[in-house]
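The values are calculated or read from the model by the stated rules, or taken from the named source; none is laboratory data. Note that this is a predicted model, so its numbers are computed, not measured. Cβ placement follows ideal geometry from the backbone for every residue including glycine, while neighbour counts extend to all protein chains displayed. Side chains included, ligands, DNA and RNA excluded: accessible areas come from the protein's heavy atoms. Shrake-Rupley method; radii C 1.70, N 1.55, O 1.52, S 1.80 Å.
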Amino acid sequence: MTNNHENDGVEARARIVAADIALDVGGNLDDVAAYAAAATKAGQAVSADSWLLAYRTEPEQWFSLTKEREEPAGLATQYVKAMVDVAKGLSQNFRGPHANWTSAIGVTIGEEDDPSAVLILGKHRLLFGPEELSLLRRVTELLEPVITARQTRASNELLREHSEKALRRNEERLRTFFEESRDMIYMANADDVVASINNAGLRLFGTTDRFEVLGRPFSRWVFSPEDRRHFLSKIQHDGFVVDHEIILARLDGTKLFCIETAQAVRDSEGKVIEIQGIIRDISERIAMERDIWAMNVELAESNERLKTSHRRLLQQEKLASIGQLAAGLAHEINNPLGFLKSNHTTLHGFLATLHEAWNKACTLDPEAHRHIASDLDLEYVFSEIDSLVAESDDGFGRIMGIVKNLRSFARIDEHEPLGDYDLEQGLESSLVMARNEIKYVAEVETEFAGVPKVPAVGGSINQVLLNILVNAAQAIASQKREGLGRILVRTSMIEDSVICEIEDNGPGVPEEVKERLFDPFFTTKPAGKGTGLGLAISYDIIVNRHRGSLIVSDSTLGGALFRIELPLHPDREGGEDLNLL
Amino acid sequence: MTLSETLQPKAEQLSLKASRLSISLADTAKPAGLALLLSGDLDTDSSNDFQSFVLESLPRMEPQASLILDLSALKYISSTGVGSLTTILSAAKKRGIRLTICGIPKHIWNIIDLLGFTAFFTFIESYEVLT
């Protein structure tokens with residue numbers, strides 16, 4: 001039974017008790033001490049003999065504090081349920097650890113059905129009155145905000161601890177990532193001075209001393225400082241670079257090809273304050289690419305050399321097949337030519353005999369023979385016989401000359417060995433041999449440098465020289481001109497070869513003719529004058545037999561320039577192996 | 001139209017595309033042929049386009065003609081850039097065109113040298129433009 005007067009009394013007392021307990025709960029005591037203090041004071045306020053406080057820190061983890069023992073102990077949830085029943089007023093008995101009360105009252109803290117704590121107070125002999133229960137309940141109500149504040153503070157504290165832990169863990173992770181990355185990660189200030197660098201960076205630079213790197217310009221480690229300046233201007237302009245090539249120069253002098261991706265960090269005004277970059281070593285890839293490029297260039301070059309060889313081989317094959325034809329021809333002609341010549345000689349002899357017979361016969365009967373002679377015009381006949389025979393001899397000679405050319409073209413003399421050949425002496429003798437062709441046509445000037453002897457088949461080279469000299473003379477002769485033409489003969493040396501140049505001031509060789517000049521049977525002379533084999537044979541002798549070169553070009557005198565090059569060491573020729581026949 | 005005039009539009013197109021590289025063309029008198037003046041960066045991006053341009057232009061040149069790469073205004077070359085030069089060299093050799101490099105800056109030369117290609121190229125001091 002309560003009345004207003006009594007209610008006011010309870011309220012006043014409740015406020016006093018609550019205020020007192022609030023000092024403990026709201027203060028700096030830890031949870032256990034605060035709870036114990038609160039429970040003790042509450043117990044005193046209602047004259048309880050003992051108290052039992054159950055609280056939990058985790059959902060199903062309950063602890064208990066008692067008056068007798070203020071150290072927390074675990075508490076089974078069935079007792080918690082019993083305590084809650086007391087607090088709800090469903091029971092006044094409580095039997096539990098450290099408590100065996102016939103009279104118990106209690107309160108829950110937090111939600112009634114899911115409290116965060118339960119406090120029960122007990123008396124051993126006496127009973128609690130309704131006033132005491134009201135007091136307890138009112139005190140609890142008044143303390144609610146203080147308790148809530150405390151709990152919030154506690155949970156905030158926990159949260160903060162969690163966050164800090166999480167932050168530290170994250171920092172650790174990032175730090176590990178930075179340090180353990182296999183690529184260089186670095187940071188530099190706006191002047192490109194290194195502020196931090198990871199282990200991979202030190203490894204790439206080839207140093208173990210971090211302070212070799214920190215505080216120093218990055219460009220110290222770059223092979224080409226211009227390239228680093230170029231990188232910096234790019235990153236200033238674009239804010240970043242992606243896959244930018246950088247060549248690092250390590251302390252030991254080795255160079256590393258790397259690739260860099262970096263970004264610039266700007267302040268609020270847009271000024272660059274930091275450069276952050278990742279650098280990866282791509283030396284292996286570059287080495288492979290480089291080898292491929294080199295191979296390609298070499299392949300292209302080999303290709304060109306092969307093409308040249310191929311052309312020459314084709315030329316050789318052409319020559320070889322024509323040579324076989326020529327050899328066959330020569331052989332075929334030689335046989336009948338043989339007995340033609342011999343018969344001719346015999347005939348000449350017989351004619352001489354007949355002439356002698358006639359002369360002798362004339363002495364026997366001059367008159368009769370004079371008649372026959374004039375009838376048959378024998379005087380004319382006898383006088384013509386000699387010139388006819390001479391002409392035929394000449395004809396045979398020419399045919400034999402052609403056969404000789406054909407045979408030499410077929411290289412029947414290939415087995416002749418190389419001797420020590422004096423080019424200048426050869427020129428002198430060739431000039432002598434060509435004198436008839438040249439003397440009424442041109443003046444010859446010689447410039448001999450005094451070149452050494454070369455391995456060569458002397459007769460063949462002389463044949464070439466003669467051929468060219470005669471061609472020069474004939475070219476000049478083909479022009480209508482006043483006075484004599486000029487033929488220049490010059491020798492010189494370069495490196496491993498001896499050079500002979502023969503030039504004239506004749507009409508020269510037109511471009512389209514130059515290409516075909518050394519082709520077998522090609523000739524610009526009218527029919528009957530020359531077989532067109534001379535230069536083909538000359539080319540074959542110089543190029544194939546002697547591994548030299550024979551080139552025609554334009555002379556500054558206006559005509560043609562023939563340049564013969566003979567190597568001093570024909571066996572040592574690098575490059576193509578010309579597999580002769 | 002001279003060869004440089006024929007190729008100029010394509011070169012301009014390329015300069016627009018590869019914004020860090022620009023090419024200008026000139027017909028040369030001594031040696032006779034074509035000169036390409038590069039300025040800017042021959043990096044991984046621009047070297048592909050540059051290479052295509054030159055490879056397409058080579059068939060228009062006479063055999064034995066000369067092609068000069070004037071690098072005096074080149075600021076930067078990457079290894080891919082060097083690679084494109086070697087590809088151009090191979091293609092020129094196959095066509096009998098004589099490729100030379102003129103006016104190479106020292107730091108660019110260093111990079112070509114580091115990759116071991118300086119022996120592959122011929123470097124000339126100067127050339128005469130056809131007026």
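With all protein chains kept in place, the per residue accessible area of the range B:1-100 amounts to 41 square angstrom at a probe of 1.4 angstrom. Taking every protein chain into account, the 1.4 Å probe leaves A:Cys362 with about 40 Å² of accessible area, to the nearest ten. Give the carbon-plus-sulfur fraction of the accessible surface of the range B:75-131 in %, rounded to a whole number; probe 1.4 Å, heavy atoms of protein chains only. In the range B:75-131, the share of accessible area belonging to carbon and sulfur is 53 percent. The Cβ shell under 13 Å around A:Lys41 holds other residues with a net charge of 0, Lys and Arg each +1, Asp and Glu each -1. Projecting the Cα atoms of A:Gly206, A:Phe177, A:Leu136 onto the charge dipole of the range A:132-212, computed from C-beta unit charges around the Cα centre, puts A:Leu136 farthest toward the positive end. Divide the volume of the convex hull around the Cα atoms of the protein assembly as shown by the residue count and you get 318 Å³ per residue.
For the peptide A:287-294, the mean number of other protein chain Cβ atoms found within 10 angstrom of a residue's Cβ is 5.
Please calculate the 1.4 Å probe accessible area of A:Met493, with all protein chains present, and give it to the nearest 10 Å². Spelled out: A:Met493, probe radius 1.4 Å, area about 80 Å².
Which aspartates and glutamates have a Cα lying under 17 Å from the Cα of A:Lys453, excluding residues fewer than 8 positions away in the same chain? Hits, sequence-local ones excluded: A:Asp420, A:Asp422, A:Glu424, A:Glu428, A:Glu495, A:Asp496, A:Glu501, A:Glu565, A:Asp571. The local environment of B:Leu89, defined by Cβ-Cβ distances under 13 Å, has a net charge of +1 under the rule Lys, Arg +1 and Asp, Glu -1.
Give a quick list of GluC sites (Glu not before Pro) in the range B:49-131 that DSSP marks as loop, anything other than H, G, I, E or B, with at most 15 other Cβ atoms within 10 Å. Don't jump to the answer; show the numbers that get you there.
On the way: sites: B:Glu56, B:Glu125, B:Glu128; in loops: B:Glu125.
Here the GluC sites (Glu not before Pro) that fit, given the DSSP loop and packing criteria, are B:Glu125.
Normalised by the number of residues in chain A, the mean separation of alpha-carbon contacts (under 8 Å, six or more apart) gives a relative contact order of 7 percent.
Considering the range A:288-403, its Cα convex hull presents a mean projected area of 10.8 nm².
Protein-only accessible surface at a 1.4 angstrom probe places the residues A:Lys318, A:Lys404, A:Lys514 in the order A:Lys404, A:Lys318, A:Lys514, largest first. Note that chain A presents 58 Å² accessible area per residue, ligands and nucleic acids not counted, probe 1.4 Å. Between A:Arg481 and A:Thr148, the contour length at 0.36 nm per residue exceeds the alpha carbon distance by 106.7 nm.
Here A:Tyr539 sits with roughly 40 square angstrom of accessible surface, probe radius 1.4 Å.
Partner shielding of A:264-272 amounts to 0, given as the average count of beta-carbon atoms from other chains within 10 Å of each residue beta-carbon.
Surface listing: A:Lys480, B:Lys94 arranged by accessible area from highest to lowest gives A:Lys480, B:Lys94, probe 1.4 Å. Only Lys, Arg, Asp and Glu carry charge here, each on its Cβ (+1 for the first two, -1 for the last two); on that basis chain A has a dipole of about 1740 debye about its Cα centre. Solvent-accessible surface of protein heavy atoms, probed at 1.4 angstrom with all chains present, puts A:Thr140, A:Thr254 in the order A:Thr254, A:Thr140, largest first. Seen from A:Ser50, the other residues with C-beta closer than 9 Å to its C-beta sum to a net charge of 0, counting Lys and Arg as +1 and Asp and Glu as -1. Here is what passes the span test in chain A: the DSSP H helices with alpha carbon length of 24 Å or more along the helix axis and a Kyte-Doolittle mean of 0.0 or above are A:378-409, A:458-477. In terms of distances greater than 18 angstrom between alpha carbons, the cross-link table entries B:Lys30/B:Lys106; A:Lys514/B:Lys93; A:Lys234/A:Lys271; A:Lys41/A:Lys67; A:Lys341/A:Lys404 yield B:Lys30/B:Lys106; A:Lys514/B:Lys93. All C-alpha pair distances within chain B, sorted into 10 Å bins from zero, spread as 13, 49, 35, 3, 0 percent across the bins.
Taking a probe of 1.4 Å and counting only protein heavy atoms, give the total accessible area buried between chains A and B in Å², rounded to the nearest 100. Display every interim value, and only then the final one.
Details: alone 34610 and 6920 Å², together 39370 Å².
Counting protein atoms only, the buried area is about 2200 Å².
Between the C-alpha center of the range B:1-52 and that of the range A:130-198 there is a gap of 62 Å. Counting only protein heavy atoms and a probe of 1.4 Å, the accessible surface of the range A:262-409 is 60% carbon and sulfur.
Using the rule -39500 (n - 2.57) for each DSSP H run of four or more residues, divided by the residues of the protein assembly as shown, the 222 nm mean residue ellipticity is -16500 deg cm²/dmol.
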